[in-house]
Amino acid sequence: MHMLWRVSTRMPSRMLAGFAAGVCVLLALAGASASVQAQQASALVGSVLSDPDERPVVGATVELPTLGKRTTTDSSGSFRIDSVPAGKHALVVRAVGYAQVTADLEFIAGQTVEGDFVLEVLPTQLATVRVDSSALTPANTYLRDFESRRAMGFGRFLDTQFFEKNADRDVRSILTAHVPGVRITKLDDGDILTSARVGMRCFPQVFMNGIRVYTGYKDEVHFDLIPLRAQNIVGFEYYGWSNVPMQFQSQTGPPDGVMCGTAVFWTK
């Protein structure tokens, strides 16, 4: 058999007055309990600083993870977490670019825990750099200045890419075909670079990797082009007598090949 209980919401006035008084007592007790709990709760206040200069760390995260409480530091590095129950709780402090700090803090009812937390700056980790030993060759050192002179717009230049494309060709044919004013003269001591100045046979001075190997004097042993191989050359410069760069000008003065021109070879 099922019994159906009915609860009437209508009460006699005497009973209603007693019920109201009981509710008031319960509410008062609840308020008192909340007040006692509020008085017993603790707080955590402090600041986050950077080691070693102790400058404030702005925007650092301060967290009591087991309680789900979290805050961030303000412009002075300060923070505050209220309503922390008594007991031991784990603390985590972290910020971008700093090593994380963790600690176990003991909170006593009604008391405030104060502290400064110093974070160590993490060392900067650079991306791995691969060093190509082939890039550290003397030829590449030469060509830094080569490119600087070419940018000035004086002289004639044949670069590394050009010689790579013409690696199987004869150096003599390359020079006469691509450098205006250059000729080849066959003499007893070899095939000699010659300037096409009108009315005279003139021999330009020659530099090899920055060192002058031929001054252009007619009684000197000439610079023979036959042994040169295009695949070994990474750059060539040629200047007329009027626009020779300072580093290739004669230190002893004319007469020498600078008056006929200057040829500069750069090799591997």
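A short reminder: the numbers here are calculations on the coordinates, not readings from a lab. If you're wondering where the values come from, they're calculated on a predicted model, not measured in any experiment. All Cβ positions, glycine included, derive from the backbone under ideal geometry; neighbour counts span all protein chains shown.
By the beta-carbon count within 10 Å of each Cβ, the least crowded to most crowded order of 202, 260, fewest first, is 202, 260. Working from label points 7 Å from Cα in the Cα-to-Cβ sense, the residue 103 to residue 118 distance is 1.2 nm. Scanning residues 5 or more positions from residue 207 or on other chains, those with amide H under 5 Å from its amide H are 213, 263, 264, 265, with H placed 1.01 Å from N in the peptide plane. Using the 10 angstrom Cβ neighbour count as an exposure proxy, how do 241, 266 rank, fewest first? By the 10 Å Cβ count, ascending: 241, 266.
Listed from fewest to most Cβ neighbours within 10 Å, the set 168, 189 follows the order 168, 189. Net length available on complete extension from residue 150 to residue 86 is 15.2 nm, with 0.36 nm assigned per residue and the Cα-Cα distance removed. Here the spin labels are modelled as points 7 Å beyond Cα on the Cα-Cβ line, and at residue 224 and residue 168 they lie 2.7 nm apart.
Note on region 42-120: the alpha carbon radius of gyration divided by the globular reference 2.2 N^0.38 Å gives 1.03.
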